[in-house]
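Every number in this text was worked out from the coordinates using simple rules, so none of it is lab data. The structure displayed is predicted, hence computed values, not measured ones. Glycine gets a Cβ as well: all are built from the backbone with ideal geometry, and neighbour counts include every protein chain shown.
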There are 2 protein chains.
Amino acid sequence: MKVICAENMGFCSGVKRAVDMALKQKDAFVLGQLIHNPQVVEMLDKKGIKEISSVDDIEKGSLIITAHGTTKSNVEKAKIKGLKIIDTTCPLVKKVQDLAKEFSSKGYDIILFGDKGHSEVKGIVSNAENIIVISSKEDAKNVFVKKACLLSQTTQSIEKFNEISKVLKSNVNELKIINTICNATKKRQDSAMNIAKKVDIMIVIGGYNSANTKRLNEICSKITETKHIETTREIKKEWFQGKKSVGITAGASTPDFVIKEIKKKIESL
Amino acid sequence: MKVICAENMGFCSGVKRAVDMALKQKDAFVLGQLIHNPQVVEMLDKKGIKEISSVDDIEKGSLIITAHGTTKSNVEKAKIKGLKIIDTTCPLVKKVQDLAKEFSSKGYDIILFGDKGHSEVKGIVSNAENIIVISSKEDAKNVFVKKACLLSQTTQSIEKFNEISKVLKSNVNELKIINTICNATKKRQDSAMNIAKKVDIMIVIGGYNSANTKRLNEICSKITETKHIETTREIKKEWFQGKKSVGITAGASTPDFVIKEIKKKIESL
């Protein structure tokens, strides 16, 4: 069985930066998961970098803001408590937050294409004045506003973003479209699509709560049989019966060692 | 088996008015279904009142606007064509359209609780400037605006409207809540709920595309076993096996003769 790996996969620069920054700390707290990957979260935990779910959970120490960013009110709370803030927000996410703020102040309604309830989305929302979060073409069909700016969570599907843009063009009089899907996401989606077309089965590696990994799974599933896994333990021998080729891709928050381990396991079958 | 009928059910004044107005016409066209009930639509068709799906379908004659109202652009098109317009829009629906217009002009964003794509909703949307249609508490959680006015399609569930109001209160700085669910809807929902609590099975009679009938079905289903039917033909003897009591209710667009026929059939079992 031939194993083909996607040209672009695994850690993006934003994730790498966040992990590097976190690893420089000792006994810090992370507000949520630094990146949406169970292996990395476990590794950080062992190094004394503990996950908390709310700023209310601590009174002192260092607080790491995750790669997805956080809400303005969380930052304010942390400042009031006098916590030392280590902000690992991905610069590309920060840019979307800034655009939401800028276009809000110019009188635009913000329409954000994103996973409802995702931490990146919550952070962006907190920077805008009038904002609606939509996650599909169907949602877009129910927004009728005069002047709006369409932004995207950095890890969304470009195909869906284009579909949504098309719908909004007919419902919004003055529409400013800014595609804020990051280049790393785009490259990983393109690479995954390319190999999915050539193989009998795709393996998508990454956290089940990772937005960009979920997108890779969605995209590949439309093309070929696809399995989304987090660890080697989930691999089933029968998936590969009668298959001549398997493709591998991984989300932007999946560490190299996990990809290598899984690749090795598949090759051994 | 005891058969209990809801105190309030069947034709509301808006539906009665629309049917009366339509029956005074000869060879007119209706833009969509006058009311969402198959038997009434069939009866009108036999009297020469034909359903069309678009104003583009006709060049002359009389055009009946349905009880649910229609969009501003449809009315304008009909005027330009010189069609005679018979407007049966329910006065309570007209009021919601007017409120959407009024609060839009006062700088409010309109949040409309309604069935996405329903003709009443489309008509209201066309009267507002900035409007978002939401159909659930989950949708409401993704709207963050400064100054908004919450309105409702006239046939929605009051319980859901209250849930949505609660969510929006925390997301919208200045929220004006106007409960535009009509009294007939409220009374039919209350009556249905009252008997649903007392019986072993509820029969909800009305068009499958009738918004208010769907609401009655949803409400009763939460309380007891419930079947939504349009005609006697759908009744199944086995539904009533071992049942001691059956409740009957009907949507605001269900004519009396249909209710009587179904009641008679059930009593004969």
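The figures follow:
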item: Förster-model FRET efficiency, 30 Å R0, A:N183 and A:S105, C-beta, rounded to 0.05; result: 0.65
item: Dipole of the protein assembly as shown [Lys/Arg +1, Asp/Glu -1 at C-beta], most positive-end residue of B:I259, A:C182, B:N130; result: B:I259
item: Full-extension gain in nm, A:K169 to A:Q241, via 0.36 nm per residue minus C-alpha separation; result: 21.2 nm
item: Label distances, nm, B:D98 versus same residue in remaining copies, Cβ-directed 7 Å point; result: 5.0
item: Per-residue HN-Hα couplings for the range A:141-150 [Karplus 6.51, -1.76, 1.60; θ = phi - 60°; Hz; x = Gly/Pro]; result: 5, 10, 10, 10, 10, 7, 9, 9, 10, 8
item: 4 °C / 1.567 mPa s Stokes-Einstein diffusion coefficient of the range A:13-89, Kirkwood radius on C-alpha pairs, µm²/s; result: 107
item: Intensity falloff of chain A expressed as log10 I(q)/I(0), Debye formula with alpha-carbon point scatterers, at q = 0.07, 0.14 Å⁻¹; result: -0.28, -0.98
item: Mean Cα-pair separation over length for chain A, i.e. relative contact order, pairs under 8 Å, 6 or more apart, %; result: 22
item: Distance between modelled label sites at A:K46 and B:K147, nm, 7 Å Cα→Cβ extension; result: 5.7
item: Segment B:D190-B:T232, length gained on full extension (0.36 nm per residue, minus Cα span); result: 12.6 nm
item: Reciprocal of mean inverse Cα separation for the range A:80-235 (Kirkwood radius, Å); result: 16.8
item: Percentage relative contact order, the range A:13-89, counting C-alpha pairs under 8 Å, at least six apart; result: 35
item: Taking only Cα atoms of the range B:161-264, radius of gyration then Dmax in Å; result: 16.3, 54
item: Summed side-chain charge close to B:N162 - residues other than B:N162 whose Cβ falls under 13 Å, Lys, Arg +1, Asp, Glu -1; result: +3
item: Selected from B:S53, B:I80, B:P38, residue furthest toward positive end of dipole (the range B:13-89; charges at beta carbon); result: B:I80
item: Nonlocal amide H pairs with B:A250, under 5 Å, H built at 1.01 Å; result: B:G10, B:I205
item: Percent breakdown of C-alpha pair distances by 10 Å bin, ordered from the shortest bin, for the protein assembly as shown; result: 4, 15, 19, 19, 18, 15, 8, 1, 0
item: Neighbourhood net charge (12 Å Cβ-Cβ; Lys/Arg +1, Asp/Glu -1) for B:G61; result: +2
item: Potential extension, A:V3-A:E159 segment - 0.36 nm per residue separation minus Cα distance; result: 53.5 nm
item: Net charge contributed by nearby residues that have their C-beta within less than 9 Å of A:A148 (K/R +1, D/E -1); result: +1
item: Cα Rg, Dmax (largest Cα-Cα span) when computed across the range A:62-141, Å; result: 13.5, 45
item: Relative contact order for the range B:96-191, counting Cα pairs under 8 Å that sit 6 or more residues apart, in percent; result: 29
item: Equivalent ellipsoid semi-axes - Cα gyration tensor, the range B:92-181, angstrom; result: 17, 15, 11
item: Residue and distance (whole Å) for the chain A Cβ nearest the axis that superposes A on B; result: A:I132, 3
item: Magnitude of the charge dipole, the range B:184-231, Cβ model with Lys/Arg +1 and Asp/Glu -1, debye to 20; result: 220
item: Proximal aspartates and glutamates relative to B:K79, as straight alpha-carbon distance under 13 Å, when same-chain residues fewer than 8 apart are discounted; result: B:D56, B:E59, B:D87
item: Computed [θ] at 222 nm, deg cm²/dmol, chain B (DSSP H ≥ 4; -39,500 (n - 2.57); rounded to nearest 500); result: -12000 deg cm²/dmol
